[in-house]
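Trainee: Following this message is one structure expressed as structure tokens.
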Amino acid sequence: MKVKKIMADKIQKPESEWQTCLTPEEYRILREKGTEAAFTGEYYHYKENGTYVCAACGNELFSSKTKYESGSGWPSFYEAIAEGKINYIEDNSLGMKRIEILCAKCDSHLGHVFNDGPKPTGKRYCVNSVSLDFNKKE
Ligand code: FE
């Protein structure tokens, strides 16, 4: 896929500040690009209607309408909620060529996007539950 970096209205805080406002597990995943254990996240099987937002800054990221069961062990979506909400960067760590996805607003790590998703996009946004909060649709 095309790699692009979009400047949104940025939230920039020193890492020391993130460390105080996030839990240790959130900090490890969001700020240190960690990964939660597969099949353990609170949103993996979650099926409510609403909007998934960045756990660090509240930026809207995914609609529940685009969530699907990927079998991967992590919440999976086939599309971002809107253009410019997510940044994409090449990640060549661990001997793999992957595209990392980041919150465009606060640069927190969300997960990765792969090309083995369902129609209509063929994308699989593979996201840590820890990186997400959920706003239920009333
Ligand atoms: Fe964010």
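Trainee: Under 1.5 on a/c is rounded, so check that first for the chain, then, if it is not, pick prolate when a/b is larger than b/c and oblate when it is not; a ≥ b ≥ c are the square roots of the alpha carbon gyration tensor eigenvalues. Don't skip to the end; give the middle numbers.
Mentor: Values: a/c = 1.31, a/b = 1.16, b/c = 1.13.
Rounded is the answer for the chain, as its axis ratio a/c remains below 1.5.
Trainee: Using Cα pairs under 8 angstrom and six or more residues apart, how large is the relative contact order of the chain, in percent?
Mentor: Rounded, it is 30 percent for the chain.
Trainee: List the residues whose amide H sits under 5 Å from the amide H of residue 70, counting only those 5 or more places along or on another chain, with H placed 1.01 Å from N in the peptide plane.
Mentor: Here the answer is 76, since their amide H atoms fall under 5 Å of that of residue 70.
Trainee: If you keep only loop residues by DSSP, which chymotrypsin sites (Phe, Trp or Tyr not before Pro) in segment 32-138 have at most 14 other Cβ atoms within 10 Å of their Cβ? Could you put the intermediate results ahead of the total?
Mentor: On the way: sites: 39, 43, 44, 46, 52, 62, 68, 77, 78, 88, 114, 125, 134; in loops: 39, 43, 44, 46, 78.
Answer by residue number: 39.
Trainee: Rounded to the nearest 0.05, what FRET efficiency do residue 35 and residue 82 give with R0 = 30 Å and r taken as the Cβ-Cβ distance? Could you check?
Mentor: Numbers: r = 25 Å, r/R0 = 0.84.
Plugging the Cβ-Cβ distance into 1/(1 + (r/R0)^6) gives 0.75.
Trainee: If you don't mind, there's one more thing I want to ask. Taking H as built 1.01 Å from N, whose amide H comes closer than 5 Å to the amide H of residue 55, not counting residues under 5 places away?
Mentor: Here 132, 133 satisfy the definition.
Trainee: Next up: Going by amide H atoms built from the backbone, whose H comes under 5 Å of the H on residue 91, apart from near neighbours?
Mentor: Answer set, sorted by chain and number: 98, 99, 100.
Trainee: Read phi for every residue in segment 74-87 and hand back ³J(HN,Hα) as whole Hz from Karplus 6.51 cos²θ - 1.76 cosθ + 1.60, θ = phi - 60°, with x for Gly and Pro.
Mentor: Computed from phi, the couplings for segment 74-87 are 10, x, 10, 9, 9, 7, 6, 5, 6, 4, x, 7, 10, 9 Hz.
Trainee: OK, next. Once phi is turned into θ = phi - 60°, what whole-Hz ³J(HN,Hα) does the Karplus curve with 6.51, -1.76 and 1.60 give for every residue of segment 55-68, x standing for Gly and Pro?
Mentor: 5, 8, 9, x, 4, 5, 10, 9, 8, 4, 5, 9, 7, 8
Trainee: Would you kindly derive the ³J(HN,Hα) couplings of segment 21-35 from the backbone phi angles with the Karplus curve 6.51 cos²θ - 1.76 cosθ + 1.60 (θ = phi - 60°), listing them in order in whole Hz, with x for Gly and Pro?
Mentor: Karplus values, whole Hz, x for Gly and Pro: 9, 10, 6, x, 5, 4, 4, 4, 7, 6, 9, 10, 6, x, 9.
Trainee: Which length gain, in nm to one decimal place, applies between residue 96 and residue 48 when the Cα-Cα distance is subtracted from 0.36 nm times their residue separation? Write out the running numbers ahead of the final one.
Mentor: On the way: separation 48, 0.36 × 48 = 17.28 nm, distance 3.33 nm.
Length difference between fully extended and current span is 13.9 nm.
Computed from the coordinates by the stated procedures, all read-outs in this text should not be read as laboratory data. Being a predicted model, the structure only gives us computed values, none of them experimental. FYI the Cβ positions are ideal-geometry reconstructions off the backbone, even for glycines, and counts take in every protein chain you see.
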